[in-house]
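The values are calculated or read from the model by the stated rules, or taken from the named source; none is laboratory data. Computed from a predicted model, the values in this text were never measured in an experiment. Every residue, glycine as well, gets a Cβ built from its backbone with ideal geometry; the counts of neighbours run over all protein chains shown. What goes into the accessible areas is simple: the full protein's heavy atoms, side chains included, and nothing from ligands, DNA or RNA. Shrake-Rupley method; radii C 1.70, N 1.55, O 1.52, S 1.80 Å.
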Amino acid sequence: MPQSFWKIQEIRDQVAVIEGKKSPAIVLKNARYIHSVLKQWLYGNIWILGSRIIYVGKEMPENVSEAEVIDLEGKTVVPGYIEPHVHPFQLYNPVSFADYAAQFGTTMFISDNQHFALQLPTKKAFSLLDELSKYPFAFYWWTRYDSQTEMENEDQIFTNKSIFEWIERDDVLLGGELTGWPRLLRGDDQMLYWIQSSKKKGKKIEGHFPGASEKTLVRMKLLGADGDHEAMTAEDVEKRILHGYGVTLRYSSIRPDLPNLLKGILEKKLNIFDHLMMTTDGSTPVFHRDGVMDMCIRQALDTGVDPIDAYNMATYNIARYYNLSHLHGMIATGRFATLNILTDEFHPNPESVLSKGVWLKKEGQKVQSLPEIDWNQYFEPLEIGFDLTDDDFQLSTPIGIELVNDVITKPYSVNFPLHKNELSPDSDESLLILIDRKGKWRINTMLKGFAKNVRGFASSHPNTGDIVLIGKNKQDIMKAFHEMKKMKGGIVLTENNEVIVSLPLAGAGNFYIGNMEELIEKEAALKAALRERGYKHTDAIYTLFFLESTHLPYIRITQKGIFDVMKKEVMIPSVMR
(Lines give C-alpha, C1' and ligand atoms only; values in the text may rest on other atoms or scores of the structure.)
Protein backbone atom coordinates (compact mmCIF):
# COMPACT_ATOMS: atom_id res chain seq x y z
CA MET A 1 0.00 0.00 0.00
CA PRO A 2 1.25 3.58 -0.66
CA GLN A 3 2.88 5.04 2.43
CA SER A 4 3.36 8.54 3.74
CA PHE A 5 6.62 9.23 5.55
CA TRP A 6 5.68 12.72 6.70
CA LYS A 7 3.78 13.79 9.79
CA ILE A 8 0.79 16.12 9.63
CA GLN A 9 2.78 19.14 10.79
CA GLU A 10 5.52 18.43 8.25
CA ILE A 11 2.93 18.31 5.47
CA ARG A 12 1.40 21.60 6.68
CA ASP A 13 4.87 23.18 6.61
CA GLN A 14 5.41 21.88 3.07
CA VAL A 15 2.15 23.48 1.93
CA ALA A 16 3.18 26.70 3.71
CA VAL A 17 6.26 26.86 1.46
CA ILE A 18 4.02 26.86 -1.61
CA GLU A 19 1.95 29.67 -0.05
CA GLY A 20 5.05 31.76 0.63
CA LYS A 21 4.59 31.59 4.40
CA LYS A 22 7.68 29.48 4.93
CA SER A 23 11.06 29.22 3.22
CA PRO A 24 12.24 25.97 1.63
CA ALA A 25 15.53 24.57 2.89
CA ILE A 26 17.11 24.11 -0.54
CA VAL A 27 16.33 25.56 -3.97
CA LEU A 28 18.05 24.14 -7.04
CA LYS A 29 17.43 26.71 -9.73
CA ASN A 30 17.97 26.57 -13.49
CA ALA A 31 18.19 22.79 -13.34
CA ARG A 32 18.09 20.62 -16.43
CA TYR A 33 16.34 17.52 -15.12
CA ILE A 34 14.91 14.27 -16.38
CA HIS A 35 11.16 13.80 -16.31
CA SER A 36 10.84 10.05 -16.10
CA VAL A 37 7.23 9.81 -17.32
CA LEU A 38 7.38 12.36 -20.13
CA LYS A 39 10.80 10.92 -21.00
CA GLN A 40 12.13 14.41 -21.68
CA TRP A 41 14.82 16.71 -20.35
CA LEU A 42 13.08 19.72 -18.81
CA TYR A 43 14.30 22.97 -17.26
CA GLY A 44 13.07 24.34 -13.97
CA ASN A 45 13.55 24.90 -10.27
CA ILE A 46 13.41 22.28 -7.53
CA TRP A 47 12.22 23.31 -4.06
CA ILE A 48 13.07 21.10 -1.09
CA LEU A 49 12.03 21.10 2.57
CA GLY A 50 13.40 18.45 4.87
CA SER A 51 13.48 15.13 3.04
CA ARG A 52 10.81 16.02 0.45
CA ILE A 53 10.58 17.73 -2.93
CA ILE A 54 7.95 20.45 -2.50
CA TYR A 55 7.76 21.71 -6.07
CA VAL A 56 9.37 21.21 -9.47
CA GLY A 57 8.63 23.68 -12.25
CA LYS A 58 9.24 27.12 -13.66
CA GLU A 59 8.38 29.12 -10.53
CA MET A 60 10.72 30.34 -7.79
CA PRO A 61 9.50 30.42 -4.15
CA GLU A 62 8.26 33.74 -2.78
CA ASN A 63 10.17 33.21 0.45
CA VAL A 64 13.83 32.08 0.33
CA SER A 65 14.89 33.63 3.63
CA GLU A 66 16.21 30.32 5.01
CA ALA A 67 17.02 28.58 1.75
CA GLU A 68 20.31 27.33 0.34
CA VAL A 69 19.91 28.52 -3.26
CA ILE A 70 22.15 26.74 -5.77
CA ASP A 71 22.33 27.75 -9.42
CA LEU A 72 22.64 24.58 -11.55
CA GLU A 73 23.01 26.34 -14.88
CA GLY A 74 24.79 23.88 -17.20
CA LYS A 75 24.28 20.90 -14.89
CA THR A 76 21.98 17.89 -15.26
CA VAL A 77 19.86 16.40 -12.47
CA VAL A 78 18.59 12.81 -12.28
CA PRO A 79 16.93 10.80 -9.50
CA GLY A 80 19.10 8.90 -7.04
CA TYR A 81 19.97 5.46 -8.39
CA ILE A 82 18.28 2.33 -7.06
CA GLU A 83 20.03 -1.05 -6.70
CA PRO A 84 17.09 -3.49 -6.78
CA HIS A 85 18.89 -6.75 -5.96
CA VAL A 86 21.50 -6.39 -3.22
CA HIS A 87 23.17 -9.16 -1.24
CA PRO A 88 24.44 -6.84 1.50
CA PHE A 89 26.93 -9.18 3.19
CA GLN A 90 29.40 -9.94 0.41
CA LEU A 91 32.30 -9.27 2.80
CA TYR A 92 30.92 -5.74 3.20
CA ASN A 93 27.88 -4.94 5.37
CA PRO A 94 24.71 -2.94 4.55
CA VAL A 95 26.06 0.31 6.02
CA SER A 96 29.59 0.19 4.62
CA PHE A 97 28.27 -0.70 1.17
CA ALA A 98 25.53 1.95 1.28
CA ASP A 99 27.96 4.65 2.45
CA TYR A 100 30.26 3.78 -0.45
CA ALA A 101 27.50 3.39 -3.03
CA ALA A 102 26.02 6.78 -2.17
CA GLN A 103 29.20 8.53 -3.30
CA PHE A 104 28.50 7.08 -6.76
CA GLY A 105 24.85 8.14 -6.69
CA THR A 106 23.21 4.88 -5.56
CA THR A 107 21.03 5.88 -2.62
CA MET A 108 18.47 3.07 -2.38
CA PHE A 109 18.95 -0.67 -1.83
CA ILE A 110 16.43 -3.50 -2.05
CA SER A 111 18.31 -6.16 -0.13
CA ASP A 112 18.38 -9.85 0.71
CA ASN A 113 17.41 -10.77 4.28
CA GLN A 114 19.08 -14.20 4.18
CA HIS A 115 21.90 -13.29 6.56
CA PHE A 116 19.41 -11.92 9.09
CA ALA A 117 17.13 -14.94 8.78
CA LEU A 118 19.98 -17.41 9.33
CA GLN A 119 21.98 -15.52 11.95
CA LEU A 120 19.56 -13.39 14.03
CA PRO A 121 16.32 -13.78 15.95
CA THR A 122 13.56 -11.98 14.08
CA LYS A 123 13.05 -9.36 16.79
CA LYS A 124 16.73 -8.43 16.76
CA ALA A 125 16.79 -8.31 12.94
CA PHE A 126 13.80 -5.96 12.94
CA SER A 127 15.49 -3.72 15.49
CA LEU A 128 18.42 -3.36 13.08
CA LEU A 129 16.11 -2.67 10.11
CA ASP A 130 14.29 -0.01 12.14
CA GLU A 131 17.61 1.66 12.94
CA LEU A 132 18.62 1.66 9.28
CA SER A 133 15.27 3.18 8.26
CA LYS A 134 16.29 6.42 9.98
CA TYR A 135 19.33 6.90 7.74
CA PRO A 136 19.56 9.43 4.89
CA PHE A 137 19.53 6.41 2.58
CA ALA A 138 16.61 4.22 1.49
CA PHE A 139 16.85 0.64 2.75
CA TYR A 140 14.24 -1.86 1.58
CA TRP A 141 14.29 -5.65 1.88
CA TRP A 142 13.06 -8.98 0.64
CA THR A 143 12.22 -12.12 2.55
CA ARG A 144 13.59 -15.56 1.77
CA TYR A 145 11.49 -18.72 1.91
CA ASP A 146 14.41 -21.15 2.16
CA SER A 147 18.09 -21.30 3.15
CA GLN A 148 19.54 -22.03 -0.31
CA THR A 149 21.31 -25.06 1.16
CA GLU A 150 20.57 -28.19 3.23
CA MET A 151 20.40 -27.25 6.92
CA GLU A 152 19.59 -29.40 9.92
CA ASN A 153 17.27 -26.78 11.42
CA GLU A 154 15.76 -25.09 8.36
CA ASP A 155 12.19 -25.87 9.42
CA GLN A 156 12.86 -23.99 12.65
CA ILE A 157 14.10 -20.88 10.81
CA PHE A 158 11.64 -20.58 7.93
CA THR A 159 8.33 -20.97 9.73
CA ASN A 160 4.84 -19.57 9.15
CA LYS A 161 5.41 -17.22 12.06
CA SER A 162 8.74 -15.82 10.78
CA ILE A 163 7.65 -15.51 7.14
CA PHE A 164 4.46 -13.68 8.09
CA GLU A 165 6.34 -11.34 10.43
CA TRP A 166 8.64 -10.37 7.55
CA ILE A 167 5.90 -9.84 4.95
CA GLU A 168 3.93 -7.65 7.37
CA ARG A 169 6.70 -5.04 7.22
CA ASP A 170 6.19 -2.08 4.86
CA ASP A 171 9.91 -1.99 4.02
CA VAL A 172 9.81 -5.61 2.78
CA LEU A 173 8.89 -5.32 -0.89
CA LEU A 174 9.19 -8.84 -2.21
CA GLY A 175 9.54 -12.53 -1.54
CA GLY A 176 12.36 -14.64 -2.90
CA GLU A 177 14.63 -14.89 -4.64
CA LEU A 178 13.18 -18.30 -5.51
CA THR A 179 16.32 -20.39 -5.45
CA GLY A 180 14.14 -23.20 -4.09
CA TRP A 181 11.74 -23.14 -7.06
CA PRO A 182 12.20 -26.88 -7.84
CA ARG A 183 10.41 -27.54 -4.55
CA LEU A 184 7.41 -25.69 -5.91
CA LEU A 185 7.38 -27.78 -9.05
CA ARG A 186 7.58 -30.94 -6.91
CA GLY A 187 4.45 -29.87 -5.02
CA ASP A 188 5.68 -27.90 -1.98
CA ASP A 189 2.39 -26.27 -0.94
CA GLN A 190 3.98 -24.65 2.13
CA MET A 191 6.19 -22.47 -0.07
CA LEU A 192 3.30 -21.81 -2.46
CA TYR A 193 1.19 -20.66 0.50
CA TRP A 194 3.94 -18.23 1.55
CA ILE A 195 4.17 -16.90 -2.00
CA GLN A 196 0.43 -16.38 -2.33
CA SER A 197 0.27 -14.77 1.14
CA SER A 198 3.09 -12.40 0.15
CA LYS A 199 1.27 -11.42 -3.02
CA LYS A 200 -1.88 -10.67 -1.05
CA LYS A 201 0.23 -8.21 0.95
CA GLY A 202 1.27 -6.50 -2.28
CA LYS A 203 4.77 -8.00 -2.42
CA LYS A 204 6.49 -8.93 -5.68
CA ILE A 205 7.97 -12.42 -6.09
CA GLU A 206 11.47 -12.57 -7.58
CA GLY A 207 12.53 -15.70 -9.42
CA HIS A 208 15.93 -17.30 -9.87
CA PHE A 209 15.62 -19.15 -13.15
CA PRO A 210 18.96 -19.41 -15.00
CA GLY A 211 18.62 -21.32 -18.26
CA ALA A 212 14.92 -21.95 -17.63
CA SER A 213 12.87 -23.35 -20.51
CA GLU A 214 9.72 -21.60 -21.66
CA LYS A 215 7.65 -24.30 -19.97
CA THR A 216 9.42 -23.71 -16.65
CA LEU A 217 8.94 -19.94 -16.94
CA VAL A 218 5.25 -20.41 -17.64
CA ARG A 219 4.78 -22.77 -14.70
CA MET A 220 6.64 -20.43 -12.35
CA LYS A 221 4.56 -17.49 -13.56
CA LEU A 222 1.40 -19.44 -12.70
CA LEU A 223 2.88 -20.27 -9.29
CA GLY A 224 3.37 -16.57 -8.56
CA ALA A 225 6.72 -15.32 -9.88
CA ASP A 226 6.62 -11.68 -11.00
CA GLY A 227 10.22 -11.03 -12.06
CA ASP A 228 13.57 -12.64 -12.77
CA HIS A 229 17.16 -11.43 -13.03
CA GLU A 230 18.78 -14.55 -14.54
CA ALA A 231 18.48 -13.86 -18.30
CA MET A 232 21.81 -14.68 -19.97
CA THR A 233 20.89 -13.92 -23.60
CA ALA A 234 18.64 -11.45 -25.42
CA GLU A 235 16.44 -14.43 -26.24
CA ASP A 236 16.09 -15.12 -22.50
CA VAL A 237 15.02 -11.51 -22.00
CA GLU A 238 12.47 -11.69 -24.80
CA LYS A 239 11.07 -14.96 -23.45
CA ARG A 240 10.54 -13.45 -20.00
CA ILE A 241 8.94 -10.31 -21.41
CA LEU A 242 6.64 -12.48 -23.53
CA HIS A 243 5.23 -14.12 -20.42
CA GLY A 244 4.82 -10.91 -18.44
CA TYR A 245 7.90 -10.96 -16.22
CA GLY A 246 9.63 -7.90 -14.87
CA VAL A 247 13.19 -8.33 -16.16
CA THR A 248 16.32 -7.17 -14.35
CA LEU A 249 19.53 -7.23 -16.39
CA ARG A 250 22.68 -8.24 -14.55
CA TYR A 251 26.16 -6.75 -14.52
CA SER A 252 28.03 -8.61 -11.78
CA SER A 253 31.43 -9.99 -10.89
CA ILE A 254 30.53 -13.48 -12.10
CA ARG A 255 27.83 -12.62 -14.67
CA PRO A 256 28.74 -9.33 -16.42
CA ASP A 257 26.03 -9.97 -19.03
CA LEU A 258 24.58 -6.46 -19.30
CA PRO A 259 26.47 -5.14 -22.36
CA ASN A 260 25.71 -8.23 -24.45
CA LEU A 261 22.08 -8.30 -23.33
CA LEU A 262 21.59 -4.65 -24.26
CA LYS A 263 23.37 -5.13 -27.58
CA GLY A 264 21.07 -8.04 -28.39
CA ILE A 265 17.97 -6.09 -27.38
CA LEU A 266 18.99 -3.19 -29.64
CA GLU A 267 19.81 -5.52 -32.53
CA LYS A 268 16.41 -7.20 -32.19
CA LYS A 269 14.80 -3.74 -32.03
CA LEU A 270 12.84 -4.77 -28.96
CA ASN A 271 10.97 -1.72 -27.69
CA ILE A 272 10.99 -2.89 -24.08
CA PHE A 273 13.20 -0.46 -22.18
CA ASP A 274 10.27 0.75 -20.06
CA HIS A 275 10.08 -2.79 -18.65
CA LEU A 276 13.75 -3.38 -17.85
CA MET A 277 15.79 -2.85 -14.69
CA MET A 278 19.49 -3.36 -13.89
CA THR A 279 21.50 -4.81 -10.98
CA THR A 280 25.05 -5.63 -9.87
CA ASP A 281 23.58 -8.67 -8.02
CA GLY A 282 25.75 -8.94 -4.93
CA SER A 283 29.10 -8.41 -6.59
CA THR A 284 32.17 -8.73 -4.42
CA PRO A 285 34.03 -5.57 -3.31
CA VAL A 286 36.75 -5.33 -5.98
CA PHE A 287 34.11 -5.26 -8.73
CA HIS A 288 32.79 -2.04 -7.21
CA ARG A 289 36.08 -0.19 -7.42
CA ASP A 290 34.53 2.06 -10.11
CA GLY A 291 31.02 2.38 -8.76
CA VAL A 292 27.66 0.68 -8.33
CA MET A 293 24.54 1.47 -10.39
CA ASP A 294 26.41 4.24 -12.21
CA MET A 295 28.48 1.44 -13.77
CA CYS A 296 25.31 -0.14 -15.14
CA ILE A 297 24.16 3.18 -16.57
CA ARG A 298 27.58 3.72 -18.12
CA GLN A 299 27.42 0.29 -19.76
CA ALA A 300 23.99 1.13 -21.18
CA LEU A 301 25.19 4.47 -22.54
CA ASP A 302 28.29 2.88 -24.08
CA THR A 303 26.10 0.24 -25.76
CA GLY A 304 23.99 2.93 -27.42
CA VAL A 305 20.90 2.93 -25.21
CA ASP A 306 19.06 6.27 -25.19
CA PRO A 307 20.18 8.18 -22.05
CA ILE A 308 16.66 8.57 -20.68
CA ASP A 309 16.07 4.83 -20.98
CA ALA A 310 19.47 4.16 -19.38
CA TYR A 311 18.64 6.31 -16.34
CA ASN A 312 15.07 5.03 -16.04
CA MET A 313 16.34 1.43 -15.87
CA ALA A 314 18.23 2.39 -12.70
CA THR A 315 15.57 4.66 -11.18
CA TYR A 316 11.97 5.11 -12.29
CA ASN A 317 11.39 1.65 -13.77
CA ILE A 318 12.44 0.05 -10.48
CA ALA A 319 10.35 2.38 -8.32
CA ARG A 320 7.30 1.89 -10.54
CA TYR A 321 7.69 -1.92 -10.56
CA TYR A 322 7.78 -1.99 -6.75
CA ASN A 323 4.87 0.50 -6.42
CA LEU A 324 7.14 3.17 -4.94
CA SER A 325 7.15 5.81 -7.68
CA HIS A 326 5.16 8.11 -5.36
CA LEU A 327 8.32 8.26 -3.21
CA HIS A 328 11.36 7.29 -5.29
CA GLY A 329 12.84 7.24 -8.75
CA MET A 330 11.32 10.45 -10.08
CA ILE A 331 11.96 14.19 -9.86
CA ALA A 332 8.48 15.51 -9.13
CA THR A 333 6.42 17.05 -6.36
CA GLY A 334 6.00 14.95 -3.24
CA ARG A 335 8.90 12.55 -3.76
CA PHE A 336 11.91 12.12 -1.55
CA ALA A 337 14.54 14.78 -2.23
CA THR A 338 17.03 12.23 -3.50
CA LEU A 339 18.91 13.64 -6.47
CA ASN A 340 22.17 13.27 -8.36
CA ILE A 341 23.74 16.34 -9.95
CA LEU A 342 25.77 15.43 -13.03
CA THR A 343 28.14 17.21 -15.37
CA ASP A 344 25.87 15.88 -18.11
CA GLU A 345 23.87 12.74 -18.86
CA PHE A 346 26.90 10.97 -20.34
CA HIS A 347 28.74 11.01 -17.00
CA PRO A 348 26.57 9.09 -14.49
CA ASN A 349 29.03 9.37 -11.59
CA PRO A 350 27.57 12.46 -9.90
CA GLU A 351 29.35 15.62 -8.79
CA SER A 352 26.86 16.01 -5.93
CA VAL A 353 24.47 13.62 -4.17
CA LEU A 354 21.42 14.63 -2.16
CA SER A 355 19.67 11.79 -0.32
CA LYS A 356 16.40 12.43 1.54
CA GLY A 357 17.34 16.10 1.65
CA VAL A 358 20.83 15.49 3.09
CA TRP A 359 23.99 16.29 1.13
CA LEU A 360 26.23 13.23 1.10
CA LYS A 361 28.52 14.52 -1.64
CA LYS A 362 29.04 18.07 -2.89
CA GLU A 363 31.09 19.27 -5.85
CA GLY A 364 33.06 16.06 -5.96
CA GLN A 365 33.76 15.79 -2.22
CA LYS A 366 32.22 13.52 0.39
CA VAL A 367 30.54 15.76 2.95
CA GLN A 368 28.73 13.25 5.15
CA SER A 369 29.09 9.59 6.04
CA LEU A 370 26.26 7.34 7.10
CA PRO A 371 26.15 6.78 10.88
CA GLU A 372 28.12 3.86 12.26
CA ILE A 373 26.31 0.78 13.55
CA ASP A 374 27.37 -0.96 16.75
CA TRP A 375 27.34 -4.40 15.17
CA ASN A 376 28.12 -6.07 18.50
CA GLN A 377 24.59 -5.17 19.60
CA TYR A 378 23.28 -7.52 16.94
CA PHE A 379 25.93 -10.15 16.17
CA GLU A 380 27.96 -11.94 18.79
CA PRO A 381 31.67 -12.31 17.96
CA LEU A 382 32.69 -15.70 16.61
CA GLU A 383 34.08 -17.70 19.51
CA ILE A 384 35.43 -21.06 18.36
CA GLY A 385 35.70 -23.31 21.39
CA PHE A 386 37.45 -26.31 19.85
CA ASP A 387 40.67 -27.26 18.09
CA LEU A 388 41.29 -29.44 15.07
CA THR A 389 42.55 -32.98 15.65
CA ASP A 390 44.11 -35.61 13.42
CA ASP A 391 40.70 -37.24 13.12
CA ASP A 392 39.34 -34.13 11.40
CA PHE A 393 41.66 -34.78 8.46
CA GLN A 394 40.65 -38.38 7.88
CA LEU A 395 38.89 -38.87 4.59
CA SER A 396 36.82 -41.95 3.80
CA THR A 397 34.69 -40.89 0.84
CA PRO A 398 35.61 -41.83 -2.75
CA ILE A 399 33.47 -38.95 -4.05
CA GLY A 400 35.06 -35.55 -4.60
CA ILE A 401 33.75 -32.17 -5.83
CA GLU A 402 35.15 -30.73 -9.05
CA LEU A 403 34.76 -27.05 -9.95
CA VAL A 404 33.52 -26.63 -13.52
CA ASN A 405 33.65 -22.83 -13.19
CA ASP A 406 33.31 -20.29 -10.37
CA VAL A 407 30.09 -21.76 -9.04
CA ILE A 408 29.12 -24.93 -10.93
CA THR A 409 30.41 -28.25 -9.57
CA LYS A 410 30.27 -31.92 -10.50
CA PRO A 411 31.24 -35.15 -8.71
CA TYR A 412 34.44 -37.02 -9.51
CA SER A 413 36.08 -40.21 -8.27
CA VAL A 414 38.96 -39.82 -5.82
CA ASN A 415 41.53 -42.47 -6.73
CA PHE A 416 44.68 -41.92 -4.67
CA PRO A 417 45.58 -42.72 -1.02
CA LEU A 418 43.66 -40.43 1.31
CA HIS A 419 45.84 -40.64 4.43
CA LYS A 420 48.63 -38.30 3.29
CA ASN A 421 49.51 -35.19 5.28
CA GLU A 422 50.38 -33.32 2.09
CA LEU A 423 49.02 -33.53 -1.45
CA SER A 424 51.13 -33.21 -4.57
CA PRO A 425 51.56 -29.69 -6.03
CA ASP A 426 51.27 -31.27 -9.49
CA SER A 427 47.60 -31.98 -8.82
CA ASP A 428 44.80 -29.44 -8.72
CA GLU A 429 43.14 -31.35 -5.87
CA SER A 430 42.82 -30.06 -2.31
CA LEU A 431 41.33 -31.33 0.91
CA LEU A 432 37.96 -29.69 1.65
CA ILE A 433 36.45 -29.73 5.14
CA LEU A 434 33.16 -28.17 6.21
CA ILE A 435 32.92 -28.00 9.98
CA ASP A 436 30.28 -26.74 12.38
CA ARG A 437 31.37 -23.57 14.14
CA LYS A 438 30.54 -25.19 17.47
CA GLY A 439 32.52 -28.26 16.54
CA LYS A 440 29.61 -30.70 16.60
CA TRP A 441 30.03 -32.22 13.12
CA ARG A 442 32.19 -32.18 10.01
CA ILE A 443 32.21 -33.44 6.44
CA ASN A 444 35.42 -34.09 4.48
CA THR A 445 35.94 -34.51 0.75
CA MET A 446 38.32 -33.51 -2.04
CA LEU A 447 37.98 -30.31 -4.07
CA LYS A 448 39.33 -30.45 -7.61
CA GLY A 449 39.96 -27.38 -9.75
CA PHE A 450 40.26 -24.81 -6.95
CA ALA A 451 44.04 -24.30 -7.04
CA LYS A 452 47.30 -26.26 -7.30
CA ASN A 453 49.33 -24.48 -4.64
CA VAL A 454 47.01 -23.34 -1.87
CA ARG A 455 48.54 -25.07 1.15
CA GLY A 456 46.26 -23.76 3.88
CA PHE A 457 43.03 -21.77 3.78
CA ALA A 458 40.21 -21.08 6.27
CA SER A 459 37.02 -19.05 5.95
CA SER A 460 34.12 -18.25 8.29
CA HIS A 461 32.23 -16.39 5.55
CA PRO A 462 29.34 -18.74 4.56
CA ASN A 463 25.86 -17.44 5.44
CA THR A 464 25.12 -20.63 7.37
CA GLY A 465 27.88 -19.83 9.85
CA ASP A 466 29.91 -22.95 9.07
CA ILE A 467 33.69 -23.01 8.65
CA VAL A 468 35.36 -23.94 5.35
CA LEU A 469 38.89 -25.36 5.32
CA ILE A 470 40.83 -25.99 2.08
CA GLY A 471 44.41 -26.91 1.34
CA LYS A 472 47.15 -29.35 0.44
CA ASN A 473 49.06 -29.40 3.71
CA LYS A 474 47.64 -30.50 7.05
CA GLN A 475 49.84 -28.19 9.14
CA ASP A 476 49.08 -25.15 6.98
CA ILE A 477 45.34 -25.84 7.17
CA MET A 478 45.65 -26.02 10.96
CA LYS A 479 47.63 -22.77 10.96
CA ALA A 480 44.93 -21.03 8.88
CA PHE A 481 42.22 -22.33 11.22
CA HIS A 482 44.06 -21.14 14.34
CA GLU A 483 44.65 -17.67 12.86
CA MET A 484 40.96 -17.39 11.92
CA LYS A 485 40.05 -18.53 15.43
CA LYS A 486 42.36 -15.90 16.93
CA MET A 487 40.76 -13.15 14.78
CA LYS A 488 37.27 -14.34 15.84
CA GLY A 489 36.33 -14.83 12.22
CA GLY A 490 37.72 -14.09 8.82
CA ILE A 491 39.56 -15.51 5.83
CA VAL A 492 43.16 -16.70 6.13
CA LEU A 493 45.65 -18.01 3.55
CA THR A 494 48.76 -19.75 4.90
CA GLU A 495 51.91 -21.27 3.44
CA ASN A 496 54.86 -22.98 5.13
CA ASN A 497 53.35 -22.19 8.53
CA GLU A 498 53.18 -18.45 7.77
CA VAL A 499 50.16 -16.22 7.16
CA ILE A 500 50.20 -14.90 3.59
CA VAL A 501 46.93 -12.93 3.67
CA SER A 502 44.31 -12.44 6.35
CA LEU A 503 40.99 -10.64 6.16
CA PRO A 504 39.27 -10.16 9.55
CA LEU A 505 35.49 -10.51 9.50
CA ALA A 506 33.23 -9.52 12.38
CA GLY A 507 29.48 -10.06 12.70
CA ALA A 508 29.85 -13.71 13.74
CA GLY A 509 32.68 -14.03 11.24
CA ASN A 510 30.81 -12.86 8.16
CA PHE A 511 31.57 -9.23 7.28
CA TYR A 512 34.25 -6.60 7.45
CA ILE A 513 33.92 -3.62 9.77
CA GLY A 514 35.58 -0.69 8.07
CA ASN A 515 35.16 1.31 4.91
CA MET A 516 34.79 -0.16 1.45
CA GLU A 517 38.01 1.37 0.19
CA GLU A 518 40.01 -0.61 2.77
CA LEU A 519 38.02 -3.76 2.07
CA ILE A 520 38.53 -3.50 -1.69
CA GLU A 521 42.31 -3.45 -1.23
CA LYS A 522 42.24 -6.34 1.25
CA GLU A 523 40.05 -8.46 -1.03
CA ALA A 524 42.24 -7.58 -4.02
CA ALA A 525 45.31 -8.81 -2.11
CA LEU A 526 43.54 -12.06 -1.19
CA LYS A 527 42.40 -12.72 -4.75
CA ALA A 528 45.84 -11.91 -6.14
CA ALA A 529 47.46 -14.36 -3.72
CA LEU A 530 44.99 -17.08 -4.71
CA ARG A 531 45.60 -16.45 -8.42
CA GLU A 532 49.35 -16.73 -7.83
CA ARG A 533 48.68 -20.14 -6.31
CA GLY A 534 46.61 -21.40 -9.20
CA TYR A 535 43.05 -20.21 -8.72
CA LYS A 536 41.92 -19.89 -12.35
CA HIS A 537 38.28 -18.87 -12.18
CA THR A 538 36.77 -15.37 -11.98
CA ASP A 539 35.74 -14.76 -8.37
CA ALA A 540 37.12 -16.88 -5.51
CA ILE A 541 34.77 -15.35 -2.94
CA TYR A 542 31.77 -16.54 -4.93
CA THR A 543 33.33 -19.99 -5.27
CA LEU A 544 33.64 -20.25 -1.49
CA PHE A 545 30.24 -18.71 -0.90
CA PHE A 546 28.46 -21.20 -3.16
CA LEU A 547 30.12 -24.42 -2.01
CA GLU A 548 27.05 -25.01 0.19
CA SER A 549 24.44 -23.63 -2.22
CA THR A 550 22.05 -26.31 -3.41
CA HIS A 551 20.29 -24.09 -5.97
CA LEU A 552 23.21 -24.76 -8.34
CA PRO A 553 24.20 -28.10 -9.94
CA TYR A 554 25.40 -30.73 -9.37
CA ILE A 555 26.99 -31.60 -6.02
CA ARG A 556 27.43 -29.52 -2.85
CA ILE A 557 28.93 -29.81 0.61
CA THR A 558 26.27 -29.03 3.26
CA GLN A 559 25.53 -29.42 6.94
CA LYS A 560 23.84 -32.72 6.14
CA GLY A 561 26.80 -33.98 4.09
CA ILE A 562 27.72 -34.30 0.41
CA PHE A 563 24.48 -33.53 -1.40
CA ASP A 564 23.35 -34.51 -4.90
CA VAL A 565 21.39 -31.48 -6.10
CA MET A 566 19.61 -33.22 -9.00
CA LYS A 567 18.56 -36.30 -6.99
CA LYS A 568 17.86 -34.24 -3.86
CA GLU A 569 19.61 -36.74 -1.63
CA VAL A 570 22.59 -36.95 0.72
CA MET A 571 25.36 -39.00 -0.90
CA ILE A 572 27.75 -39.02 2.08
CA PRO A 573 26.42 -37.89 5.50
CA SER A 574 28.30 -35.56 7.81
CA VAL A 575 29.85 -37.19 10.88
CA MET A 576 29.70 -36.20 14.52
CA ARG A 577 32.99 -35.11 16.06
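Compared with the direct C-alpha span, the chain from His326 to Asn421 gains 27.9 nm at full extension, assuming 0.36 nm per residue. Hey, which lysines would be in cross-link range of Lys21, C-alpha to C-alpha under 22 Å, not counting anything within fewer than 8 residues on its own chain? Straight-line reach from Lys21, under 22 Å: Lys7, Lys29, Lys58. Placing +1 on each Lys and Arg Cβ and -1 on each Asp and Glu Cβ, with no other charges, gives the chain a dipole about its Cα centre of roughly 840 debye. Ordered by solvent-accessible area of protein heavy atoms (1.4 Å probe), largest first, the residues Glu517, Glu83, Glu267, Glu483 come out as Glu267, Glu517, Glu483, Glu83. With Rh defined as the Kirkwood radius, the inverse of the mean 1/r over Cα pairs, the Rg/Rh of region 192-317 is 0.98. Only protein atoms count toward the accessible area here, which uses a 1.4 Å probe; on the chain, the carbon and sulfur part of that area reaches 49 percent.
Computed packing ranks the peptides 530-536, 57-63, 557-563 as 557-563, 530-536, 57-63, most packed first, by mean other Cβ atoms within 10 Å.
Grab the alpha carbons of region 359-456, take their convex hull, and tell me the volume per residue in Å³.
Values: hull volume 19.7 nm³, N = 98.
Expressed per residue, the convex hull around the Cα atoms of region 359-456 is 201 Å³.
The alpha carbon convex hull volume per residue for the chain rounds to 145 Å³. Once Rg and the Kirkwood radius are both taken over the C-alpha atoms of region 402-536, their ratio Rg/Rh works out to 0.95. Calculated accessible area for the chain comes out at 39 Å² per residue, all protein chains present (probe 1.4 Å; ligands, DNA, RNA ignored). Scoring 489-499, 12-22, 215-225 by mean Cβ neighbours within 10 Å over their residues and listing the highest first yields 489-499, 215-225, 12-22. The Cα center of region 503-521 and the Cα center of region 190-246 differ in position by 34 Å. Kirkwood hydrodynamic radius of region 60-173, from the reciprocal of the average inverse Cα-Cα distance over all distinct pairs: 16.5 Å. Taking every DSSP helix (H) stretch of at least 4 residues in the chain, weighting each as -39,500 (n - 2.57) and dividing the sum by the residue count yields a mean residue ellipticity at 222 nm of -7500 deg cm²/dmol.
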